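Written below as structure tokens is the structure these notes are about.
The values are calculated or read from the model by the stated rules, or taken from the named source; none is laboratory data. Note that the structure is a prediction, hence the values are computed from the model and not measured. A quick note on method: Cβ atoms are made from the backbone with ideal geometry, for glycine too, and the neighbour counts reach across all protein chains shown.
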Amino acid sequence: MNPIQPILTDAAFALCLALLLLAPLAIAGVALINTGLGRCRSAAQALLGNLVLVAVSAIVFALVGATFIGGAGHVFSLAGKPWNWLGTAPYLLGGLGTAPPHAQLALLFEFLAIALAALIPWGSGADRQRLTAGCAVAAVMAATVFPMLVHWVWGGGWLSQLGMNFGLGAGFLDGGGAAAMQVLGGISALAVVWIAGPRKGKFPKEGLSTALPGHNAVYVLFGCLLALVGWLGWNLAGALLWLHAPLSALPVTAINTLLSASGAVVATFAVTRFRFGKPDASLCANGWLAGLVASSACAGIVTPVQSLFVGVVAGIITPLLVELLELALSIDDPSGAISVHAVGGLWGLLAVGFFAPQQGQLLAQLVGISALLGLVLPLVYLLFWLLNRFVPFRVDADGERIGMDLHELGGGAYPEFVIHRDESYR
Amino acid sequence: MRYSFVKALPPIAPVTPKGTQMKYAGMLVMPAGCFLSIAALVLFADAASRTAFVLCGLGVEALGLVVAVRGHMEARGEGLR
């Protein structure tokens with residue numbers, strides 16, 4: 001990726017801004033999906049958490065994280081090559097008003113990206129993660145790992161310079177935030193799930209894991225439709241900002257996004273129909289989202305047929321992986337974020353390597369994936385492990401029993417609607 | 001037996017359970033794989049050697065991840081016992 005920022009025409013600037021204003025719909029979609037896939041006695045806490053996490057991540061990113069995303073950066077030299085690993089920008093968004101239009105749009109993109117990335121682990125910790133802990137996780141992500149990764153990928157960091165320094169294609173390519181947003185969110189979800197542990201009763205001592213289905217499939221599926229609009233905005237704006245695509249390339253990028261999601265949901269529909277006899281609504285939603293996530297990496301690069309292929313593969317992998325994580329690996333991930341965001345994003349990034357025309361692009365993508373798994377995942381786990389010592393992630397047993405709504409908020413999401421008698425009322 | 005009292009001592013419990021130790025070990029292995037991938041770029045000029053070493057690096061990371069996942073499952077089992 002070329003770290004030199006191009007000058008946007010007025011038309012491209014206006015279009016990019018308008019596209020970025022669609023991106024919050026993706027955040028709203030993911031928030032609805034997170035809420036719908038949790039239990040009804042935690043619904044208000046889940047949706048309030050989504051709202052607060054967006055706010056916390058934006059504030060922390062403005063105060064701390066934005067300082068490390070761009071500029072000349074901290075560089076060390078190894079084997080005669082510069083390794084730019086951390087950005088340096090003015091404190092507290094200083095000079096933003098006079099910054100070039102491209103830089104302002106890039107910052108807006110990054111603000112929206114951290115807001116979405118922070119929601120992904122929140123969905124995985126549903127029904128047992130405390131709201132304070134969720135805010136702390138979002139703050140840590142916005143202050144440390146996210147800006148570092150953004151600098152590596154988009155801010156002229158070492159991954160973006162792989163092409164210039166080592167002749168690997170155009171450097172690590174991530175047009176719509178598959179690495180800095182989706183994979184980061186997915187591996188943060190894995191760390192949160194590992195640290196918080198499974199929901200009470202999810203994995204009994206004997207027998208298979210207990211199914212704890214989401215409480216509102218309508219929220220989940222409507223969230224998927226909202227997410228499509230937001231993702232279109234994100235992928236098109238990313239193509240302009242990070243891939244430097246001309247305006248004429250945007251319709252294909254939009255078609256690729258739609259085709260990837262469509263291929264994924266049809267594939268998931270078929271897989272779940274084949275495996276369970278009937279299609280599974282929540283897994284189909286996961287498949288749709290995995291197609292969108294995979295398109296984040298490659299929609300601006302591949303052809304429509306390739307995009308459909310990428311989506312179909314994502315849609316096949318996702319339901320199988322959700323099942324594997326739960327049944328074989330004892331990982332309780334209510335929103336399926338690890339399969340959808342981490343694995344879907346990694347698959348999209350790999351697909352860029354397969355289909356991009358540049359020589360050496362596959363190797364650049366593999367090095368990027370290696371950095372995400374080998375550096376970012378252990379770092380995120382370490383940070384969250386330390387954070388858990390000060391702000392315990394998991395609610396106490398009583399809170400989990402009565403539900404997060406009553407325990408943390410003092411009132412439920414559906415106060416006059418008794419769904420069933422359960423142990424908390426006995 | 002001359003030192004039979006040794007047997008009477010209770011076994012020393014590890015500071016952290018075995019599963020948790022495995023998880024930490026897996027997490028430590030993963031950066032090693034990444035450094036292997038990065039070293040490939042610095043050490044080799046031809047694409048074939050670089051690709052082979054980067055794939056080896058990814059393999060090491062995958063092994064680390066497998067160990068961490070196994071550690072998670074062990075730790076869960078220890079928690080249940």
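Here A:Tyr381 clears all of (1) closer than 23 Å to B:Ser37 by Cα; (2) of a type in the set (Phe, Trp, Tyr); (3) more than 13 Å from every other protein chain (Cβ to nearest Cβ) except the condition numbered (3).
Counting residues in the stretch A:369-390 that are farther than 30 Å from A:His215 by Cβ and among the charged types (D, E, K, R) gives one or more. Kindly indicate whether any position in the stretch A:338-353 is more than 27 Å from B:Ser37 (Cα to Cα) and either free of Cβ contacts under 8 Å to residues at least 12 places away in the same chain or within 11 Å of chain B (Cβ to nearest Cβ) (or both). For the stretch A:338-353, residues more than 27 Å from B:Ser37 (Cα to Cα) and either free of Cβ contacts under 8 Å to residues at least 12 places away in the same chain or within 11 Å of chain B (Cβ to nearest Cβ) (or both): absent.
Highlighted here are the helices (runs of 4 or more DSSP H) found entirely within the stretch A:313-416 that include at least 1 residues which are under 16 Å from the mean Cα position of the chain (by Cα): A:344-355, A:361-371, A:377-390. Within the stretch A:113-133, residues that are within 15 Å of A:Trp194 (Cβ to Cβ) have Cβ atoms under 6 Å from residues that are of a type in the set (Val, Ile, Thr) and part of a loop (DSSP other than H, G, I, E, B) in these pairs: A:Arg128/A:Val395; A:Ala133/A:Val391, counting only partners at least 6 apart in sequence or on another chain. For the stretch A:190-209, filtering for residues that are away from every other protein chain (no Cβ under 14 Å) and within 20 Å of A:Ala43 (Cα to Cα) leaves 0. If you go through the stretch B:45-58 and keep only what is surrounded by 14 or more Cβ atoms within 10 Å (Cβ to Cβ) and either at the interface with chain A (Cβ under 8 Å from one of its Cβ atoms) or without any contact (Cβ under 8 Å) to a residue 12 or more places away in the chain (or both), you end up with B:Ala47, B:Arg50, B:Thr51, B:Val54, B:Leu55, B:Gly57, B:Leu58. A:Val192 fulfils the conditions (1) of a type outside the set (Ser, Thr, Tyr); (2) at pLDDT below 95; (3) touching a Phe, Trp or Tyr at 6+ places or on another chain (Cβ under 8 Å) except for a single criterion, (2).
If you check A:Gly176, A:Gly134, A:Gly171, A:Gly163 for being small (Gly, Ala, Ser), surrounded by 24 or more Cβ atoms within 10 Å (Cβ to Cβ), part of a helix (DSSP H, G or I) and out of contact with any strand residue (DSSP E or B) (no Cβ under 9 Å at 6 or more places or on another chain), only one passes: A:Gly134. Just one of the numbered conditions (1) surrounded by fewer than 15 Cβ atoms within 10 Å (Cβ to Cβ); (2) closer than 19 Å to A:Ser296 by Cα; (3) aromatic (Phe, Trp, Tyr) is not true of A:Phe109: (1). Scan the stretch B:14-44 for residues that are more than 8 Å from chain A (Cβ to nearest Cβ) and either modelled with pLDDT under 90 or farther than 16 Å from A:Leu78 by Cα (or both) and the total you get is 13. Please work out which one of (1) at the interface with chain B (Cβ under 10 Å from one of its Cβ atoms); (2) at pLDDT below 95 is the condition A:Gln358 fails and give its number. Going through (1) at the interface with chain B (Cβ under 10 Å from one of its Cβ atoms); (2) at pLDDT below 95 one by one, A:Gln358 breaks only (1).
Going by the conditions given, is A:Leu363 buried (at least 22 other Cβ atoms within 10 Å of the Cβ) and either within 11 Å of chain B (Cβ to nearest Cβ) or among the charged types (D, E, K, R) (or both)? Criteria met by A:Leu363.
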